[in-house]
């Protein structure tokens, strides 16, 4: 795009023709999909901040999916339950400040072939692995077989990359842009 918003020969965008805006739970623009030459039915669009603003604390709502893998938008508010998964997961803090506590479990509560994370009843038994402090843009590994718990003193938003699990909520009709 040129400075006037016209396509340039190189196909790039000139520095002065756009402004980057960072969203937050308190201030976001929904945005949308702009099609040039395609069918809108081929795309889904949702806004993680909008999804989190309508979610219950620590509810895991899918906002992206590729085969069994999902991105879950999570409203970080208060203290989460302890969870674990048989595979690595990743959490990215998009808004707020979140503390992550990790425990290496003495015995796994996971069943054979378990996918996605599951809640753990009560306090986990095992060695403390450490604590991670996350702010906007920080990412943390949630290691396979470890128990983890998040604490948010101020409401925020996490994006968790994982595999579809029993607590993953699918609300495509509610959260995605329609044609």
- For residue 106, put the label point 7 Å out on the Cα→Cβ axis and report which residues of region 122-146 keep their amide N under 20 Å from it. 122-130, 145-146
- Okay, which of region 93-120 sit inside 17 Å, backbone N to the point 7 Å along the Cα-Cβ direction of residue 68? 110-118
- Could you grab the relative contact order for region 55-170? Cα pairs under 8 Å, six or more apart, rounded to a whole percent. 43
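Quick check on region 55-170: take the gyration tensor over C-alpha atoms, sort the square-rooted eigenvalues as a ≥ b ≥ c, and tell me if it's rounded (a/c under 1.5), prolate or oblate. List each step's numbers first, then the result.
Numbers: a/c = 1.65, a/b = 1.10, b/c = 1.50.
Note, shape of region 55-170 comes out oblate.
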- Item | Label zone at residue 170, where the point sits 7 Å out along the Cα-to-Cβ direction: region 53-86 residues whose backbone N lies under 20 Å | 55-56, 59-74
- Message: Once you place label points 7 Å from the Cα toward the Cβ at residue 37 and residue 131, how far apart are they in nm?
- Response: 5.7
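Every read-out reported here was derived from the displayed coordinates using simple, explicitly stated rules and does not represent laboratory data. Just so it is clear, the structure is predicted and the values come from calculations on it, not from any experiment. Positions of Cβ are generated from backbone atoms using ideal geometry, with glycine treated the same way; all protein chains shown enter the neighbour counts.
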